[in-house]
Amino acid sequence: MDLDNTENQVAPQPASSEEAEEKQQEPAVEYSLSGGITSLLTRLNISLAFSSYQSGYLYMLGNLPNGRPHLHQSAMQKPMGLAHDNNGGLLLTTGFQVMEFANILQPDEKINNAFDLCYMPRTVHFTGRLDAHDVAADADGRIIFVNTRYNCLATLSPKHSFEMIWKPDFISALVDEDRCHLNGLAMEDGRPAYVTAVSRSDTIDGWRDRRAAGGIVIDVRAGKIVCTGLSMPHSPRIHNGRLWILNAGTGELGIVTPAADGEETGHFEPVVFCPGFLRGLSFYNNLAFVGLSKPRYKRFEGLALDSRLEETDSEPWCGVQVIDLEKRCCVDWFRIDGAVAELFDVCVIPGFTCPMTVSPGTPDSINLITHKPLRNG
């Protein structure tokens, strides 16, 4: 199926002849999608946002008014975690910022007679390089994010780079050492509920030696580890009262079952295998939207995912697969081939079919002016 796409990025600086030649040699990026994903998005009145720190783009996948699928790309500095705020906006963690985007359009407005949602960056918090991963807004509107370099959950500070609000009990100090690779955050009832980490290590980079089976899920409220033996778990989410996670190192989407009588922890129950390193999870009704990346073999070789791909005679994907939770299979998909091989997060956008995002520093961010509607009389 053909795909239209537009791009919003900072104007590039003039390149030298050597840089221009290198750019010409860069592999192309190709997009493909299942025949049913366009009608699926239209029928559900939703669209998708997903991030890639590798490409430096925040993507918005939707449909144009003529029914054609459309991919909007916005340049960002290492885009990572995505989440809705409490006011119809979008939150994004980046390489050294936490960004708040607001939808600047009224319900009856469109840009270029096509885009029914326009996320404009309105507040940018400079945190410094914290390697921030998942992000969320709590019931009070406070922004909470996973501060991976400092092994904690943090919130924003008007004075400092961050303010710690929680850390695992096994982390002995608040230091700039990625010890356990804390990465994922699940909210429940507007509060932090669960986090994922690659290990329970308390030494710098200790998690790298525990990638195969050292992964854990922690109940933030109880301060207790509730699942062990995972392989690089990511993206914990509560959906329909169950805790879902992506066991990235095995390529499995599944649920964490509660501990039985006499057991210290619960268990991971796989639901479906997806051919890729899994990060980014969002739900809509009985559908799970799962982000897939191609494994970085130089860093993450030797995981169970390798053997699963070999067993299923499959190549790893980069893209988003739509999983029917009742059928336990992929029903639609969006795929990226070529230079882009890694995604981080996925977020369903309900109520809008053709979204766009404005990049900071672009002409649109300077010239697209809106104001609060005036009251009659």
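The values are calculated or read from the model by the stated rules, or taken from the named source; none is laboratory data. Computed from a prediction, not measured in an experiment: that's the story for all the values here. Cβ: placed from backbone, ideal geometry, glycine included. Neighbour counts: every protein chain shown. For the accessible areas, the whole protein counts, side chains as well, though only heavy atoms, and no ligand, DNA or RNA atoms are used. Shrake-Rupley method; radii C 1.70, N 1.55, O 1.52, S 1.80 Å.
Can you bin segment 237-319 into rounded, prolate or oblate? Criterion: square roots of the alpha carbon gyration tensor eigenvalues sorted a ≥ b ≥ c, rounded for a/c under 1.5, prolate for a/b above b/c, oblate for the rest. Verdict is oblate for segment 237-319. When shorter helices are ignored and each DSSP H run of at least 4 residues is given -39500 (n - 2.57), the per-residue value for the chain at 222 nm works out to -2000 deg cm²/dmol. Take residue 68: with every protein chain present and a 1.4 Å probe, its accessible area is about 90 Å².
With contacts defined as alpha carbon pairs under 8 Å and 6 or more residues apart, what's the relative contact order of segment 53-127 in percent?
Numbers: 135 pairs, mean separation 16.7, N = 75.
22 percent.
Computed on protein heavy atoms with a 1.4 Å probe, the accessible areas place 148, 257 in the order 257, 148, largest first. Decide, for segment 180-307, between rounded, prolate and oblate: order the square roots of the alpha carbon gyration tensor eigenvalues as a ≥ b ≥ c, take rounded if a/c falls under 1.5, and otherwise choose prolate if a/b is larger than b/c, else oblate. Since a/c reaches 1.5 but b/c is at least a/b, the shape of segment 180-307 is classed as oblate.
Pairs of Lys residues in the chain are counted when their Cα atoms are under 28 angstrom apart and they lie 8 or more places apart or on different chains; the count is 11.
Out of the trypsin sites (Lys or Arg not before Pro) in segment 71-140, which ones are loop residues according to DSSP with at most 16 other C-beta atoms within 10 Å? Can you show the working numbers first?
On the way: sites: 110, 122, 129; in loops: 110, 129.
Taking segment 71-140 and a limit of 16 other Cβ atoms within 10 Å, the loop trypsin sites (Lys or Arg not before Pro) found are 110, 129.
Per residue, the average separation of C-alpha pairs within less than 8 Å and at least 6 apart gives segment 85-195 a relative contact order of 20 percent.
In a fully extended conformation the segment linking residue 85 and residue 370 would gain 100.6 nm over its present Cα-Cα distance, using 0.36 nm per residue.
Using +1 on the beta carbon of Lys and Arg, -1 on that of Asp and Glu, and nothing else charged, what's the dipole of segment 180-222 about the Cα centre, debye to 20? Could you put the intermediate results ahead of the total?
Numbers: 6 positive and 6 negative charges, 21 e Å.
So the dipole magnitude of segment 180-222 works out to roughly 100 debye.
Is the shape of the chain best called rounded, prolate or oblate, per the rule: a/c under 1.5 gives rounded, else a/b larger than b/c gives prolate, else oblate, with a ≥ b ≥ c the square roots of the Cα gyration tensor eigenvalues? Rounded. Measuring nothing but protein heavy atoms, the accessible surface of segment 262-377 at 1.4 Å probe radius is 49 percent carbon and sulfur.
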